[in-house]
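In what follows, a single structure is set out as structure tokens and then discussed.
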Ligand SMILES: [Zn+2]
């Protein structure tokens, strides 16, 4: 049984220190390097799909979350408010939507700007009970890949279909295993906002966007403000869970009195689509560490290439080659310490995708012998070609360690 907590410790990806608090993991340099590569990828994917990125603070005034409905419907899952003075209370936000509604409201909006896609990998907090916390899978501080897409009602179908396409693309690049789609609906005994007609309309729009897709229905799994599509994934142990969601919301545009000027000059209320392509960085990495057994695809491996000079004679050449690899954008290290065999074993233990051995012959010829993480050794080739091979695999975000063909 692969446990991301054990691998997280062994590969020095993150640490949970009781002094910092349960459910508040700290990302160590190796984990942070992998996460940074994934965040850059997600932002780039979103930017090319017309998303606009913002930054907003992880806490805000109590009134903001009263207006959004979070304090009314979600207070049990929030940290208690922090009082600065009698009329100044702040809360750690449980969601990014209230701030993104304020981005929409920052000035007057025209129908020409829609869909307006406000995206952020932002911090939010959940007051989870300490008994359920563990590693990265259940945490109290969450970094969510989030976006709120403000659309005209007639744009919702196309927008949701395009979001589902982006989710498939991101999952393929990361090596996430899809299990299927789930339409989460209202159920008995839960609290919901909004009227029946709105809920029926939202459910109808999501069903239409799922046309031609196999999905199951899950009554009672909707959020308090609207139905959603959950994209189910399978973990290393075969269990299903959710990281990506698409959710319709007629309620927050109402609460925040959001509007845009339509083509005929009239005021119209937008629909808000909450969506996450890959969920929170914490749950995503809990999943990725387990599903890959810590051996990430080269494009987000913490260290992509370790160079091993056979002895001190080759140290200068190894340093020079490392500089060239670093300039080409690769994450590279030179390991001098210990016997060659021990250094090769250490790189394998750290699941580094490429190891380059530099002996006297390689230095004399300007060549490099690459060993792949799976044990395969490649024939010596010009150093520039060896770096080019790694760059090509990284640029293609391939799951394989050799370029196709
Ligand atoms: Zn939201």
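The values are calculated or read from the model by the stated rules, or taken from the named source; none is laboratory data. All of these numbers come straight from a predicted model, not from anything done at the bench. Cβ atoms come from the backbone with ideal geometry, glycine included; neighbour counts cover every protein chain shown.
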Sort out which residues of the stretch 370-405 are closer than 18 Å to residue 300 by Cβ and not in a helix (DSSP H, G or I), and write them in order of number. 372, 373, 374, 396, 397, 398, 399, 400, 401, 402, 403
Just one listed residue, out of 45, 64, 7, is closer than 30 Å to residue 192 by Cβ, part of a helix (DSSP H, G or I) and in contact with a helix residue (DSSP H, G or I) (Cβ under 8 Å, 6 or more places away or on another chain), and it is 64
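Please indicate, with yes or no, whether at least one residue in the stretch 121-128 is farther than 30 Å from residue 178 by Cβ and not in a helix (DSSP H, G or I).
yes
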Return yes or no: is residue 258 within 16 Å of the ligand (Cβ to nearest atom) and under 26 Å from the mean Cα position of the chain (by Cα)? no
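On the given criteria, is residue 339 out of contact with any helix residue (DSSP H, G or I) (no Cβ under 8 Å at 6 or more places or on another chain) and over 20 Å from residue 29 (Cα atoms)?
yes
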When you check residue 159 against the structure, is it away from the ligand (no atom under 16 Å from the Cβ), in contact with a strand residue (DSSP E or B) (Cβ under 8 Å, 6 or more places away or on another chain) and in contact (Cβ under 8 Å) with a residue 12 or more places away in the chain, yes or no? no
Please enumerate the residues belonging to the stretch 336-352 that are touching a strand residue (DSSP E or B) at 6+ places or on another chain (Cβ under 7 Å) and either crowded, with 20+ Cβ neighbours inside 10 Å or part of a helix (DSSP H, G or I) (or both). 340, 343, 344, 347, 352
What number of residues within the stretch 138-152 are over 20 Å from residue 42 (Cβ atoms), away from the ligand (no atom under 15 Å from the Cβ) and in contact with a helix residue (DSSP H, G or I) (Cβ under 8 Å, 6 or more places away or on another chain)? 2
Could you grab me the full set of residues in the stretch 84-109 that are surrounded by 11 or more Cβ atoms within 10 Å (Cβ to Cβ) and in a strand (DSSP E or B)? 89, 90, 91, 92
Within the stretch 272-297, of all residues that are touching a strand residue (DSSP E or B) at 6+ places or on another chain (Cβ under 7 Å) and part of a loop (DSSP other than H, G, I, E, B), the one farthest from the ligand (Cβ to nearest atom) is 278
Taking the stretch 95-117 only, how many residues are touching a helix residue (DSSP H, G or I) at 6+ places or on another chain (Cβ under 7 Å) and either outside the structural domain of residue 46 (by the TED database) or within 10 Å of the ligand (Cβ to nearest atom) (or both)? 4
I want to confirm something. Restricting to the stretch 311-333 and keeping residues that are touching a helix residue (DSSP H, G or I) at 6+ places or on another chain (Cβ under 7 Å) and surrounded by fewer than 17 Cβ atoms within 10 Å (Cβ to Cβ), which single residue is nearest to residue 37 (Cα to Cα)? 328
Could you list all residues from the stretch 245-255 that are touching a residue at least 40 places away in the same chain (Cβ under 8 Å) and touching a strand residue (DSSP E or B) at 6+ places or on another chain (Cβ under 9 Å)? 246, 248, 249, 250, 251, 252, 253
Failed criterion for residue 164 (all others in (1) in the same structural domain as residue 255 (by the TED database); (2) without any contact (Cβ under 8 Å) to a residue 60 or more places away in the chain hold): (2)
